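K.L.:
Can you keep this structure in mind? I'll have questions shortly.
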Amino acid sequence: MPTEMDLDGKVTHRGGGDGTWEIDGSRAEQELDVTIGKETTPFGLYRDEGRLLVGLTVGDPDDMNRCVLTKHS
């Protein structure tokens, strides 16, 4: 999963592996904190047409590059 991009849109860091997660409600907006090894990545929780989306903004937020997790059945 990409976690960082440079200004040209090239992925500079990826994360992956087994880990843990928890929903952090201590901030104004809830986040899903995913911890793999010693690295924690905060994912945003969004609503879209009644669905809950879990997403990560990658790189410059103005570029709107997001990694969105989806469920496949």
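K.L.:
Which longest uninterrupted range of the chain lacks any trypsin sites (Lys or Arg not before Pro) assigned by DSSP to a loop state (not H, G, I, E or B) and surrounded by at most 13 other Cβ atoms within 10 Å? Before the final figure, lay out the partial values.
P.N.:
Values: sites that count: K10, R27, K38, K71.
After excluding every exposed loop site, the longest remaining stretch is 39-70.
K.L.:
Counting only the backbone N, which residues of the stretch 29-68 are under 17 Å from the spot 7 Å out from the Cα of D8 toward its beta-carbon?
P.N.:
Counting only backbone N, you get 59-60.
K.L.:
If amide H atoms are built 1.01 Å from N in the plane of the peptide, which residues on other chains or at least 5 residues away come under 5 Å of the amide H of G15?
P.N.:
T3
K.L.:
Report the residue, chosen from G50, G17, G59, that carries the largest GNM mean-square fluctuation when the chain is represented by alpha-carbon nodes joined by springs under 10 Å.
P.N.:
G50
K.L.:
For the chain, what is the charge dipole size about the Cα centre, in debye to the nearest 20, if Lys and Arg each add +1 at the Cβ and Asp and Glu each add -1 at the Cβ? Before the final figure, lay out each step's value.
P.N.:
Values: 8 positive and 15 negative charges, 59 e Å.
Charge dipole of the chain: 280 debye, to the nearest 20.
K.L.:
Continuing with this model, one more query. Share of the chain's accessible area from carbon and sulfur, percent, 1.4 Å? It would help to have the intermediate numbers written out before the result.
P.N.:
Numbers: 2780 of 5810 Å².
Carbon and sulfur together cover 48 percent of it.
K.L.:
Something else about it: When the expected Rg is taken as 2.2 N^0.38 Å, what fraction or multiple of it is the alpha-carbon Rg of the chain?
P.N.:
Dividing the Cα radius of gyration by 2.2 N^0.38 Å gives 1.15.
K.L.:
Say the dipole of the chain comes from +1 at the beta carbon of Lys and Arg and -1 at that of Asp and Glu; which of L7, T41, V68 then lies farthest toward its positive end?
P.N.:
The listed residue farthest towards the positive side: V68.
The values are calculated or read from the model by the stated rules, or taken from the named source; none is laboratory data. Just so it is clear, the model here is predicted, and its values are computed rather than measured. A quick note on method: Cβ atoms are made from the backbone with ideal geometry, for glycine too, and the neighbour counts reach across all protein chains shown. Accessible surface areas use protein heavy atoms only, side chains included; no ligands, DNA or RNA. Shrake-Rupley method; radii C 1.70, N 1.55, O 1.52, S 1.80 Å.
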